[in-house]
1. In region 279-291, what count of residues is obtained for those that are farther than 18 Å from Glu425 by Cα and either surrounded by fewer than 19 Cβ atoms within 10 Å (Cβ to Cβ) or modelled with pLDDT of 95 or more (or both)?
2. Going through region 187-239 one residue at a time, which ones are in a loop (DSSP other than H, G, I, E, B) and under 18 Å from Ala435 (Cβ atoms)?
3. Scanning for something outside any loop (DSSP other than H, G, I, E, B), in contact (Cβ under 8 Å) with a residue 60 or more places away in the chain and crowded, with 16+ Cβ neighbours inside 10 Å, does region 292-315 turn up at least one residue?
4. Could you list all residues from region 255-282 that are more than 35 Å from the chain's Cα centre (by Cα) and at positive phi?
5. Could you tell me whether region 220-229 includes any residue that is under 30 Å from Ala264 (Cβ atoms), touching a residue at least 24 places away in the same chain (Cβ under 8 Å) and either within 50 Å of the chain's Cα centre (by Cα) or surrounded by 14 or more Cβ atoms within 10 Å (Cβ to Cβ) (or both)?
6. For the condition in a loop (DSSP other than H, G, I, E, B) and in contact with a strand residue (DSSP E or B) (Cβ under 9 Å, 6 or more places away or on another chain), what is the one hit in Gly404, Gly415?
7. Kindly evaluate Gly261 against the criterion of being touching a Lys or Arg at 6+ places or on another chain (Cβ under 6 Å) and either assigned by TED's automatic domain parsing to the domain that holds Gly392 or closer than 25 Å to Asp360 by Cβ (or both).
Amino acid sequence: MFGFGKRKHKEAEDQEAQSGEPQALAPDVVEAAVDAADSQPEAPVAEAPEESQEETQLETGPADKPRGLRRWFSRTKSEEIEEEAGADASTPKPEPEPEPEPEPEPEPEPEPEPEPEPEPEPKPEPEPEPEPAEAQAEKSGGLFGQLRQGLARTRRNLGEGLASLVLGQKQIDDALLEEIETLLLTADVGVEAVNQIIQRLTKRVRRKELTDPQALTDSLKAELVEILTACDRPAIEVPPGKTLVVLMVGINGAGKTTTIGKLAKQFQNDGHSVMLAAGDTFRAAAVEQLQAWGERNAVPVIAQHSGADSASVCFDAVQAANARHIDVLFADTAGRLHTKTNLMDELAKIARVMKKVDADAPHEVLLVVDATSGQNAVAQALEFNQAIPLTGLVLTKLDGTAKGGVVFALAQRVGVPIRFIGVGEKIDDLRPFDAETFVSALFDR
């Protein structure tokens, strides 16, 4: 081992000699040599003669110098390595710098909204034009004005149509009479009534009784009033100390139940006590509808379950009205087509059952007809009048048709008094019929 160290040292010296500078040994070589030297026991040195010692000193002298340098160099290198190791151990390793997070991409700037255009200044609303005198008269004309307004469609068709025909006419000729005939027919006055009117007007023209168009207009109005006057009777009167039984009949949708509710309120306003009988047990919700009218007017309602016998309901109602001393009893019935014989016979049965309680009942049988049905209303009235004698007609929905001339057809063909006409939805829009007022509302300007 020691020989290996010597060889290494020898090689180092040779290299130093060649280069002229001391060659640094590797640390591991130095350490190995040092360890080998330390572990070798020191051999006893025999005393030699002085000459020998001097020779030995001279021989070994130069070698001792590199040995001391080697030891110093080895110790210095070891200390440096230890110091570096200690420094590395004492010095904390720097933590790895965190990777920078990627900066978020900036959101694109929103495009600037276009500046709102300035709103145009509102133009001042024009002042409302004053209503024509006719419209003001209708609003301020009381019941007559309301009637004119309700008959507005028929008036435009019949009254204003006639005025435009005679306007500018200087004489009455056959052509004018034909135009008047066509006008009356389109207003649903009826063929028979129109033929009767035209024949009478023609006779008067030939006799020179009518010489100008205005006289012709007045004569036409008189003819229409005459047709209606035959069926113009006083309103229903309530006998004192006795219940007035009113049986309401008609087809589905004519407005029987609504008419009953309006009549009940009007008779209440006149100071009479009223009772209702829900005899329409066939139509869905008919009983509930009549009960709603009863609650609205604080009127008692006699009713049974849906599908019950209508005659039985009317019988109970007459008994209850007599027992409670009610002034007026309105009995509703199921709507039926006038072409159904079995249903029409049921009305006669109801009348017979009522007579078991009161021999004179029903005192009034009112047929409710829809004015918008036109000439079909005439057929309904004729059929119902055969099944059960009618005492009056109630013409509803006149405000919704331009063919209100059916009133003249009903009066001329059926001959049954027209008791009430409906010209609106309000309770007051169901009003007693008056022939002259009705014709004036159609033709007066």
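The values are calculated or read from the model by the stated rules, or taken from the named source; none is laboratory data. Small disclaimer: the values here were computed from a predicted structure and weren't measured. We place every Cβ from the backbone using ideal geometry, glycine too, and count neighbours over all the protein chains shown.
1. Total satisfying the criteria: 6.
2. Residues satisfying the conditions are Ala187, Asp188, Val189, Gly190, Ala230, Cys231, Asp232, Arg233, Pro234, Ala235, Ile236.
3. Checked against the condition, which is being outside any loop (DSSP other than H, G, I, E, B), in contact (Cβ under 8 Å) with a residue 60 or more places away in the chain and crowded, with 16+ Cβ neighbours inside 10 Å, region 292-315 yields at least one hit.
4. The answer is Gly271, and nothing else.
5. Scanning region 220-229 turns up at least one residue that is under 30 Å from Ala264 (Cβ atoms), touching a residue at least 24 places away in the same chain (Cβ under 8 Å) and either within 50 Å of the chain's Cα centre (by Cα) or surrounded by 14 or more Cβ atoms within 10 Å (Cβ to Cβ) (or both).
6. The conditions single out Gly404.
7. Answer is no for this residue.
A quick yes/no check of all residues on (1) aromatic (Phe, Trp, Tyr); (2) outside the structural domain of Leu151 (by TED's automatic domain parsing); (3) free of Cβ contacts under 8 Å to residues at least 40 places away in the same chain; (4) surrounded by fewer than 24 Cβ atoms within 10 Å (Cβ to Cβ):
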{"position": "Thr341", "(1), (2), (3), (4)": "no, yes, yes, yes"}
{"position": "Asp358", "(1), (2), (3), (4)": "no, yes, no, yes"}
{"position": "Val406", "(1), (2), (3), (4)": "no, yes, no, no"}
{"position": "Phe420", "(1), (2), (3), (4)": "yes, yes, no, yes"}
